[in-house]
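The values are calculated or read from the model by the stated rules, or taken from the named source; none is laboratory data. Nothing here was measured: the structure is a model prediction, and the numbers come from that model. Don't worry about glycine lacking a Cβ; one is built from the backbone with ideal geometry, like all the others, and counts go over all protein chains shown. Side chains are part of the model used for accessible areas, which takes the heavy atoms of the whole protein and leaves out ligands, DNA and RNA. Shrake-Rupley method; radii C 1.70, N 1.55, O 1.52, S 1.80 Å.
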Amino acid sequence: MLETGVDYEAMTAEALVARVLSDSGGVGVCLTSSFQTEDMVVLHILRRFLRDVPVIFLETGYHFKELIAYRDRMVKEWGLNLVNAMPSTTVAEFEGQFGKLHIVQPTECCRVRKVEPLMRSLEPFDWWFTGLRREQSPTRAGLKKVEDHRTPTGKQMKKVSVLADWDWARVTKYAETEGIPRLELYDRGYTSIGCEPCTAIPEAGADPRSGRWGGKKLECGIHTFSEKS
């Protein structure tokens, strides 16, 4: 459970990271990253305190080639401790069995190729850092900076969203100030980037995540299949 009497919500991102790594001794800590700007900002802050923090990436097999190239570039330039969370089947095997599941049953596709691999990858860890922000979508409006979570196996862990109260302008300003390379897909108009077949450029003024899954849903499930406890 969360430590009582600690006001995590009042802490800056840097102070919260420092507190968590002090409490944990830097052990059992990971970051899930889609290599979008929010995640790169969290990673940049984390690496000030824990240089080799494990970075879990969901390798679904459906990502934009530009995203994979950016991931590989940053792994090399920053010397990242990358953990590729892999589904149990290749894309060819998967589509041979289920067809284009991302079209007819996107939630099930996400469960098999994102949620299940992530939950397996989280098992060794006790502290799960994310780049989630309240501003991103209505489904994240009530996000707390630190929450107790339980995975489907019953694993108890703490989920830490240090940028929960940041807006996009603050995220981009930090990235620019610190010289974090920019993923080129943003320059093409994408605002929330997932698997290529399920990601579109949203309409002007629309919710940043409205381009995901044809606007039919806002979450893939990796932040809803684990339960708050």
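Among the listed residues Ala200, Ala206, Ala169, which satisfies the condition of being on the phi < 0 side of the Ramachandran plot, at pLDDT below 65 and over 18 Å from the mean Cα position of the chain (by Cα)?
Ala206
Is there any pair linking a residue in segment 168-182 that is among the aliphatic types (A, V, I, L, M) to one that is assigned to a loop (DSSP other than H, G, I, E, B), with Cβ under 9 Å and at least six apart or on different chains, and which?
Val171/Gly131; Val171/Arg133; Val171/Leu163; Ala175/Pro181; Ala175/Arg182
Which condition number in (1) in contact with a helix residue (DSSP H, G or I) (Cβ under 7 Å, 6 or more places away or on another chain); (2) of a type in the set (S, T, N, Q); (3) in a loop (DSSP other than H, G, I, E, B) is the one that Thr191 fails?
Result: Thr191 fails condition (1) only.
If you take the residues of segment 66-76 that are in contact (Cβ under 8 Å) with a residue 24 or more places away in the chain and more than 24 Å from Asp167 (Cβ to Cβ), which of them is surrounded by the fewest Cβ atoms within 10 Å (Cβ to Cβ)?
Within segment 66-76, the match that is surrounded by the fewest Cβ atoms within 10 Å (Cβ to Cβ) is Arg73.
Test Asp148 against the stated conditions and say whether it is acidic (Asp, Glu) and touching a Gly at 6+ places or on another chain (Cβ under 8 Å).
Criteria not met by Asp148.
Report yes if Thr90 is among the hydroxyl-bearing types (Ser, Thr, Tyr), on the phi < 0 side of the Ramachandran plot and exposed (fewer than 14 other Cβ atoms within 10 Å of the Cβ), otherwise no.
Spelling it out, Thr90 is indeed among the hydroxyl-bearing types (Ser, Thr, Tyr), on the phi < 0 side of the Ramachandran plot and exposed (fewer than 14 other Cβ atoms within 10 Å of the Cβ).
Being part of a loop (DSSP other than H, G, I, E, B), open to solvent by 30 Å² or more (accessible area, probe 1.4 Å) and of a type outside the set (D, E, K, R) is the filter here, so list the residues in segment 173-188 that pass it.
Gly179
From the set of residues in segment 150-166 that are open to solvent by less than 70 Å² (accessible area, probe 1.4 Å) and of a type in the set (S, T, N, Q), which is modelled with the lowest pLDDT?
Thr151
If a residue must be without any contact (Cβ under 8 Å) to a residue 40 or more places away in the chain and surrounded by 15 or more Cβ atoms within 10 Å (Cβ to Cβ), how many such residues does segment 96-108 contain?
Looking only at that region, the number is 2.
So, restricting to helices (runs of 4 or more DSSP H) that lie completely within segment 1-91, which ones have at least 1 residues that are more than 16 Å from Lys158 (Cα to Cα) and under 15 Å from the mean Cα position of the chain (by Cα)?
37-49, 65-78
Among the residues of segment 115-146, what is the count of those that are among the basic types (Lys, Arg) and open to solvent by less than 60 Å² (accessible area, probe 1.4 Å)?
Summing the residues that are among the basic types (Lys, Arg) and open to solvent by less than 60 Å² (accessible area, probe 1.4 Å) in segment 115-146 gives 3.
Please determine whether any residue of segment 128-138 is in a loop (DSSP other than H, G, I, E, B), within 24 Å of Leu163 (Cα to Cα) and basic (Lys, Arg).
Within segment 128-138 (the criterion being in a loop (DSSP other than H, G, I, E, B), within 24 Å of Leu163 (Cα to Cα) and basic (Lys, Arg)), the answer is yes, since at least one residue qualifies.
For Trp213, which of the numbered conditions (1) in contact with a Ser or Thr (Cβ under 8 Å, 6 or more places away or on another chain); (2) farther than 19 Å from Leu31 by Cα; (3) modelled with pLDDT under 90 fails to hold?
Failed condition: (1).
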